[in-house]
Each structure stands twice: as C-alpha cells, then as structure tokens.
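Below is one structure, written out as structure tokens, with a few remarks after it.
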Amino acid sequence: MNSPIHFITSNANKLKEVKAILEPHIKIQSQSLDLEEIQGTIEEVAESKCRRAADLVNGPVLVEDTALCFNALHGLPGPYIKWFLDKVGHEGLNNLVAAYEDKSAEAVCTFAYSPGPGRDPIIFQGRTPGRIVPARGPSNFGWDPVFEFEGKTYAEMESAEKNRISHRALALKKLQTWFESQQEAS
C-alpha cells in the first residue's frame with residue numbers, strides 16, 4: 001500500500017506498537033481525533049469509531065479498541081477497561097476479582113479499517129488468554145502490569161516479545177494478511 005493509513009490514536013504507546021508491527025509494509029500516519037465511544041459490544045464500539053473517523057478524515061482509517069475481559073465477571077470490564085483503570089487503578093482491577101477463585105481473563109484487541117467515508121469497516125481481532133495478578137513491572141502502559149500471560153505480565157516483557165504474542169499483535173497480523181491478499185488480488 002503506497003498511501004499511508006490514518007491510525008486514529010492519541011496513545012503514543014499504541015502508535016509505537018502498531019508501527020513496530022506493520023511498518024514498512026503498511027505505512028501508518030498518526031492522527032488524534034476525539035471520537036465519541038458508544039456503549040455496546042467490542043465490535044460495535046470499533047465499527048462506530050471507524051465510521052466516524054473515516055468521515056472526519058475523508059480517507060482510509062484504522063481505529064483500535066482494546067478490552068480486558070475478566071471471566072469471573074462474565075467479560076466485564078471489557079471495552080470499558082480504560083475507564084475502570086482510570087477510576088480504580090491497578091489495585092482496584094485486582095480487587096474486582098478478589099472475591100473470586102477464577103482470576104482468568106482475556107485481552108482483546110479489535111482493529112477496524114475503512115478505506116473511506118461510507119464504506120463498511122472491516123474488523124480484525126486478536127485475543128490472548130491470561131490472568132489478573134498484582135501489578136508487576138513498569139506501569140507506563142495501561143493495564144499491562146496486571147495482565148499475565150505464560151508467567152510474565154505484559155509490562156515485564158520486552159517490546160519485541162510482547163509484539164509477537166499480544167492481543168494487538170495477533171489482530172495486526174490478521175490485518176497485514178488481509179492487506180497482502182488485497183494487493184495480490186489487484
């Protein structure tokens with residue numbers, strides 16, 4: 001793909017991960033837009049954001065929505081994890097499952113891509129099973145310190161390791177494969 005895709009984010013850490021995984025094959029241009037988030041499923045939130053972004057940018061856009069789903073809470077906080085983390089912090093996230101034996105969780109990353117206004121978004125989703133643990137590692141990227149996958153929290157992993165196995169990496173691999181198939185077809 002020759003022209004860049006506008007990745008709608010104001011999160012420098014997300015931008016860094018997306019660029020590390022996609023570039024140079026897919027050129028990413030960051031753009032920060034204040035997009036209203038609807039309440040709904042993970043997919044509905046991503047699709048709605050993507051449609052609004054495509055209209056505002058008037059071109060190809062990529063949006064991302066991340067969820068952290070606690071199995072003991074039947075998938076909550078899910079797509080609302082950003083707001084939960086903001087209000088209760090890492091310790092509060094642990095407290096949400098303190099009364100439950102089941103500490104398992106699933107990290108879910110949903111990317112929605114639209115080639116432009118009026119076009120249906122295409123969804124790419126990655127899921128990583130893990131568990132909620134007391135915070136370990138640097139606390140500079142969201143809920144990474146409390147999500148453990150195969151013995152390490154995301155925060156304890158080197159960037160290259162996380163970029164191979166994370167929910168975001170899995171979703172971006174699907175996106176990359178789709179773009180490659182579109183280039184082969186044209």
Filter segment 1-18 for residues that are free of Cβ contacts under 8 Å to residues at least 24 places away in the same chain and under 20 Å from residue 125 (Cβ atoms); the one that is most open to solvent (accessible area, probe 1.4 Å) is 11
Per the filter on segment 19-28, residues in a loop (DSSP other than H, G, I, E, B) and open to solvent by 40 Å² or more (accessible area, probe 1.4 Å) are 23, 24, 25, 27
Condition set touching a residue at least 24 places away in the same chain (Cβ under 8 Å) and open to solvent by 20 Å² or more (accessible area, probe 1.4 Å), scope segment 50-65, selection nearest to residue 85 (Cα to Cα): answer is 51
Worksheet item: Does at least one position in segment 77-90 carry a residue that is among the small types (Gly, Ala, Ser) and at negative phi?
Response: no
Inside segment 148-166, the number of residues satisfying the requirement of being assigned to a loop (DSSP other than H, G, I, E, B), touching a strand residue (DSSP E or B) at 6+ places or on another chain (Cβ under 9 Å) and more than 12 Å from residue 131 (Cβ to Cβ) is 2
Among the residues that make up segment 69-79, is at least one of them touching a helix residue (DSSP H, G or I) at 6+ places or on another chain (Cβ under 6 Å), under 26 Å from residue 174 (Cβ atoms) and buried (at least 16 other Cβ atoms within 10 Å of the Cβ)? yes
Screening 130, 142, 126, 92 for residues that are open to solvent by less than 60 Å² (accessible area, probe 1.4 Å) and without any contact (Cβ under 8 Å) to a residue 24 or more places away in the chain leaves only 92
Quiz item: in a helix (DSSP H, G or I), over 25 Å from residue 29 (Cα atoms) and either open to solvent by 70 Å² or more (accessible area, probe 1.4 Å) or in contact (Cβ under 8 Å) with a residue 60 or more places away in the chain (or both), is that true of residue 173?
Solution: no
Could we say that residue 47 is open to solvent by 20 Å² or more (accessible area, probe 1.4 Å), in contact with a strand residue (DSSP E or B) (Cβ under 7 Å, 6 or more places away or on another chain) and under 23 Å from residue 3 (Cα atoms) here? yes
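The values are calculated or read from the model by the stated rules, or taken from the named source; none is laboratory data. The shown structure was predicted, so the numbers you read here are calculated from the model rather than taken from an experiment. So basically every Cβ, Gly included, is an ideal-geometry build from the backbone, and we count neighbours across all protein chains shown. Only protein heavy atoms, including side chains, enter the accessible area calculation; ligands, DNA and RNA are left aside. Shrake-Rupley method; radii C 1.70, N 1.55, O 1.52, S 1.80 Å.
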